[in-house]
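**Q** Before I ask anything, here is the structure I am working with.
The values are calculated or read from the model by the stated rules, or taken from the named source; none is laboratory data. Source: prediction; values computed, not measured. Here the Cβ positions follow ideal geometry from the backbone for every residue, glycine too, while neighbour counts run over all protein chains shown.
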Ligand SMILES: [Zn+2]
């Protein structure tokens, strides 16, 4: 099975269009959170961004796995708003689109989408190799270490859950830290991957995963192409 892993698209329509165009080369596309952008770098408000991405998901032809990130989440502030708290993404679940809190099997592998701000747990995890979409990378893997400061901003809760679990994920597909020390790392028995973020790039930095050969490849316009074997 071939997977395309992207993250932190941050409401860049041309990156979404690139992902839609590439999807036919893969069995599934995994988006590891931060589809929207809350920093106001765009004229478009959060609710309109969510509406645009929902339309994009509806028009997507292929198999999609999506988990939410911190930018995909806003508070309802006490008013009725079923798009708040990641609700806009929850609504998009279907046979072809697996969203927060859901898992599905494809190509013999269980893939689970972890909702942002939820505890790290995977009750449905099978005993074999499986794949976790989790916006923040685990601590101690290097993929959550900010390159410029050396500070590990990876998720300690996830790191602890990996060590404590009898069925830890084989691969953890993340994003969140835009310029990490490394695009790939390990914690316990799990591999961690972060496609990284290059705001000026014509297409998003991304990772391809071939589960048969075990080759995982980081592809960027600025840093080139880097493979690693994970079997
Ligand atoms: Zn981000």
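**Q** Sort out which residues of the stretch 1-15 are more than 16 Å from the ligand (Cβ to nearest atom) and closer than 21 Å to residue 105 by Cα, and write them in order of number. Steps first, please.
**A** Start the filter on the stretch 1-15 by keeping residues that are more than 16 Å from the ligand (Cβ to nearest atom), which leaves 1-4, 13-14.
Matches in the stretch 1-15: 1, 2, 3, 4.
**Q** Which residue pairs have Cβ atoms closer than 8 Å, lie 6 or more positions apart in sequence or on different chains, and pair a first residue in the stretch 190-206 that is under 22 Å from residue 159 (Cβ atoms) and without any contact (Cβ under 8 Å) to a residue 24 or more places away in the chain with a second residue that is in a loop (DSSP other than H, G, I, E, B) and within 14 Å of the ligand (Cβ to nearest atom)?
**A** Correct list of pairs: empty, since none qualify.
**Q** Moving on. Among the residues of the stretch 98-125, which ones are under 21 Å from residue 57 (Cβ atoms) and either surrounded by 19 or more Cβ atoms within 10 Å (Cβ to Cβ) or without any contact (Cβ under 8 Å) to a residue 12 or more places away in the chain (or both)?
**A** If the condition is that a residue be under 21 Å from residue 57 (Cβ atoms) and either surrounded by 19 or more Cβ atoms within 10 Å (Cβ to Cβ) or without any contact (Cβ under 8 Å) to a residue 12 or more places away in the chain (or both), then 98, 99, 100, 102, 103, 105, 111, 112, 113, 114, 115, 116 are the ones that fit.
**Q** Then there is this: Just need a number here: residues in the stretch 204-231 that are closer than 17 Å to residue 1 by Cα, at pLDDT 95 or above and in a loop (DSSP other than H, G, I, E, B).
**A** Total satisfying the criteria: 4.
**Q** Separate question: Filter the stretch 143-161 down to residues that are touching a residue at least 40 places away in the same chain (Cβ under 8 Å), crowded, with 19+ Cβ neighbours inside 10 Å and more than 17 Å from residue 5 (Cβ to Cβ), then give me how many there are.
**A** Step one: list which residues in the stretch 143-161 are touching a residue at least 40 places away in the same chain (Cβ under 8 Å), which gives 143-144, 160-161.
When the remaining residues are screened for being crowded, with 19+ Cβ neighbours inside 10 Å, the result is 143-144, 161.
Now drop any that are not more than 17 Å from residue 5 (Cβ to Cβ), which leaves 161.
Residues in the stretch 143-161 being touching a residue at least 40 places away in the same chain (Cβ under 8 Å), crowded, with 19+ Cβ neighbours inside 10 Å and more than 17 Å from residue 5 (Cβ to Cβ): 1 in total.
**Q** Quick check on the stretch 16-49: of everything there that is surrounded by fewer than 20 Cβ atoms within 10 Å (Cβ to Cβ) and either within 13 Å of the ligand (Cβ to nearest atom) or part of a strand (DSSP E or B) (or both), which residue is modelled with the highest pLDDT?
**A** 37
**Q** For the stretch 180-203, state whether one or more residues are over 26 Å from residue 20 (Cβ atoms), part of a loop (DSSP other than H, G, I, E, B), in contact with a strand residue (DSSP E or B) (Cβ under 7 Å, 6 or more places away or on another chain) and modelled with pLDDT of 95 or more.
**A** yes
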